[in-house]
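Next up is a structure, given as structure tokens.
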Amino acid sequence: MDAKVHRESGAAVRYAEIPAAEGEMVSVHAADWTYRHASSASTELLGFEPGELVGTWAYEHVHPDDSLRLILALRYAHDTSPFEIAYRVRRRD
């Protein structure tokens, strides 16, 4: 499944205001890429309740074929501005 990630540095994020299309999971990550928020769609799409993801490292869930692309994208992203990136995530099962 594809996940859209929004990261925002230094400002409070109003998670309920982050738009998501039906069937999409939205997550917010800290600078070290631990989950700060996961939408309720994580239960159906990933098999994890949102609270189970919060505090875990997002890379643990990235599809192996997308991990290098994600690492490179994050490396060149601007730390001070929000951005969006899509990548595949593995299900619990």
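Only residues that are at pLDDT below 85 and over 14 Å from V89 (Cβ atoms): list them for the stretch 21-57, please.
Those that are at pLDDT below 85 and over 14 Å from V89 (Cβ atoms): A21, E22, V28, A30, A31, D32.
Continuing with the same structure: For E60, are the conditions met, namely being modelled with pLDDT of 75 or more, part of a helix (DSSP H, G or I), more than 13 Å from the chain's Cα centre (by Cα) and charged (D, E, K, R)?
no
So in the stretch 23-57, with the set limited to residues that are open to solvent by 50 Å² or more (accessible area, probe 1.4 Å) and touching a residue at least 24 places away in the same chain (Cβ under 8 Å), which one is nearest to the chain's Cα centre (by Cα)?
W57
Separate question: Between a first residue in the stretch 63-74 that is more than 9 Å from Y87 (Cα to Cα) and a second residue that is not polar (S, T, N, Q) and not in a helix (DSSP H, G or I), which pairs have beta carbons less than 6 Å apart while being 6 or more apart in sequence or on different chains?
If the second residue must be not polar (S, T, N, Q) and not in a helix (DSSP H, G or I), the pairs left are A73/I85.
When the stretch 74-92 is examined, which residues are found to be open to solvent by 40 Å² or more (accessible area, probe 1.4 Å), at pLDDT below 85, more than 13 Å from the chain's Cα centre (by Cα) and of a type outside the set (S, T, N, Q)?
R75, Y76, H78, D79
The values are calculated or read from the model by the stated rules, or taken from the named source; none is laboratory data. The shown structure was predicted, so the numbers you read here are calculated from the model rather than taken from an experiment. All Cβ positions, glycine included, derive from the backbone under ideal geometry; neighbour counts span all protein chains shown. Side chains are part of the model used for accessible areas, which takes the heavy atoms of the whole protein and leaves out ligands, DNA and RNA. Shrake-Rupley method; radii C 1.70, N 1.55, O 1.52, S 1.80 Å.
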